1. Working carefully through the options 49, 39, find the one that is more than 30 Å from residue 174 (Cβ to Cβ), aromatic (Phe, Trp, Tyr), over 24 Å from the mean Cα position of the chain (by Cα) and surrounded by 15 or more Cβ atoms within 10 Å (Cβ to Cβ).
2. Run residue 288 past the list (1) modelled with pLDDT of 90 or more; (2) surrounded by fewer than 17 Cβ atoms within 10 Å (Cβ to Cβ); (3) of a type in the set (S, T, N, Q) and report the number of the one that doesn't hold.
3. Considering each residue of segment 172-195, count those that are more than 24 Å from residue 208 (Cα to Cα) and either assigned to a loop (DSSP other than H, G, I, E, B) or among the polar types (S, T, N, Q) (or both), and give that number.
4. Identify, please: which residue in segment 217-256 is among the acidic types (Asp, Glu) and closer than 22 Å to residue 271 by Cα and is, among those, surrounded by the most Cβ atoms within 10 Å (Cβ to Cβ)?
5. Residue check: is residue 189 surrounded by fewer than 18 Cβ atoms within 10 Å (Cβ to Cβ), farther than 30 Å from residue 152 by Cα and without any contact (Cβ under 8 Å) to a residue 40 or more places away in the chain?
6. Step by step: first the residues of segment 144-167, then only those that are within 13 Å of the chain's Cα centre (by Cα) and farther than 20 Å from residue 230 by Cα, then the one that is surrounded by the fewest Cβ atoms within 10 Å (Cβ to Cβ). Which residue is that?
Amino acid sequence: MRKRKELPEKIYATTCGYLIIILTLSIVFFIAYKGVAIFNQNGVSISEFLSSSKWAPENAIENGGPKVGALIFYTGSIMVSLFAVILSTPLSVSVAIFMTEISPTLGNKVLRPAIELFVGIPSVVYGWIGLSLLVPFIRANLGGLGFSILSGGIVLTIMIMPTIVSIAVDSLKNQPIDYKEASLSLGATRWQTIRKILLPSAMPGILTGVVLGLARAFGEALAVQMVIGNRVSLPKSILDPAITLTSIITMDMGNTVQGSVWNNALWSMAFVLLLIFFGFILIIREISHYANRGE
């Protein structure tokens, strides 16, 4: 009798589970189908698409035909994302150590609510603040136009810090108390315990947070688009404008004809982004497997 009463709930939960699986697979197959169209229908080679920096999808046949090299776009994405991770990782880990080992009371009462507030701020607000304050500051003090890899990286640094901090805090808190007590009882100082015991043991969790932050930076569109300059050229320094995969997709997708070389090239970039995020997922799984083997 009890099983009969629970049957509708079981059917509903199972249906929702299968629906999510079907929806995810449908999105993946749709993007993959659209992403390879430029190679099948338009005759563009994979090497040309990935290694060429020539972007002129509107070129007529008499002018050499469309050029759809994506090197400029994923180079911009890689540069601004890595720059943001390099800046945010030491800051985030330091904040996590302060919250868990130096001043847990202040961390829980002040820093954690502040970090949660950062998470709730829309990306357009980050972009608008960067456009209003950061870009003019860089232009006046460092030179250039202000729209640059540097401005985009700083905006992304602030955006991904809450992700890395939250995961690093949880990882540090989940370490067995015996590790710390054993280290202190052997005469190690607090900083020695943090540096040589707690951080190495919490490293898999911290690395997971870094990879998730990198994924967030790679997928961000609006905030970066507002401050990076969106110039279709390879940047030579962090003060040069650049453009990312997400920026070119959001700016051009609505202005292209379905099935054209230009439109197909944008779908191919979306497919490249999807593959990159699959790579991030595999990295996180490998980190988890490594942590489990260590235990």
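The values are calculated or read from the model by the stated rules, or taken from the named source; none is laboratory data. These figures come from a predicted structure and were not determined experimentally. Reconstructed Cβ throughout: ideal geometry from the backbone, glycine too, with neighbour counts over all protein chains shown.
1. Numbers: 49 fails: over 24 Å from the mean Cα position of the chain (by Cα).
Selected residue: 39, the only one of 49, 39 that is more than 30 Å from residue 174 (Cβ to Cβ), aromatic (Phe, Trp, Tyr), over 24 Å from the mean Cα position of the chain (by Cα) and surrounded by 15 or more Cβ atoms within 10 Å (Cβ to Cβ).
2. Answer for residue 288: the failing condition is (1).
3. Going residue by residue through segment 172-195, those that are more than 24 Å from residue 208 (Cα to Cα) are 181-190.
Now restrict to residues that are either assigned to a loop (DSSP other than H, G, I, E, B) or among the polar types (S, T, N, Q) (or both): 183, 185-189.
Residues in segment 172-195 being more than 24 Å from residue 208 (Cα to Cα) and either assigned to a loop (DSSP other than H, G, I, E, B) or among the polar types (S, T, N, Q) (or both): 6 in total.
4. Pass one, segment 217-256, residues among the acidic types (Asp, Glu): 220, 240, 252.
Going one step further and asking which of them are closer than 22 Å to residue 271 by Cα, we end up with 220, 252.
Numbers: 220: 25, 252: 15.
Only one residue fits best here, namely 220.
5. Working: surrounded by fewer than 18 Cβ atoms within 10 Å (Cβ to Cβ): yes; farther than 30 Å from residue 152 by Cα: yes; without any contact (Cβ under 8 Å) to a residue 40 or more places away in the chain: yes.
It is true that residue 189 is surrounded by fewer than 18 Cβ atoms within 10 Å (Cβ to Cβ), farther than 30 Å from residue 152 by Cα and without any contact (Cβ under 8 Å) to a residue 40 or more places away in the chain.
6. 158
Listed here are the residues, each with its yes/no results for (1) modelled with pLDDT under 85; (2) surrounded by 12 or more Cβ atoms within 10 Å (Cβ to Cβ); (3) of a type outside the set (D, E, K, R); (4) within 24 Å of residue 267 (Cα to Cα).
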| residue | (1), (2), (3), (4) |
| --- | --- |
| 33 | no, yes, yes, yes |
| 54 | no, yes, no, yes |
| 84 | no, yes, yes, no |
| 116 | yes, no, no, no |
| 122 | no, no, yes, no |
| 127 | no, yes, yes, no |
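Results for (1) modelled with pLDDT of 90 or more; (2) under 20 Å from residue 159 (Cα atoms); (3) of a type outside the set (Gly, Ala, Ser), shown as yes or no for each residue.
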{"residue": "212", "(1), (2), (3)": "yes, yes, yes"}
{"residue": "222", "(1), (2), (3)": "no, yes, yes"}
{"residue": "227", "(1), (2), (3)": "yes, yes, yes"}
{"residue": "233", "(1), (2), (3)": "no, no, no"}
{"residue": "236", "(1), (2), (3)": "no, no, yes"}
{"residue": "244", "(1), (2), (3)": "yes, yes, yes"}
{"residue": "267", "(1), (2), (3)": "yes, no, yes"}
{"residue": "270", "(1), (2), (3)": "yes, no, no"}
{"residue": "273", "(1), (2), (3)": "yes, yes, yes"}
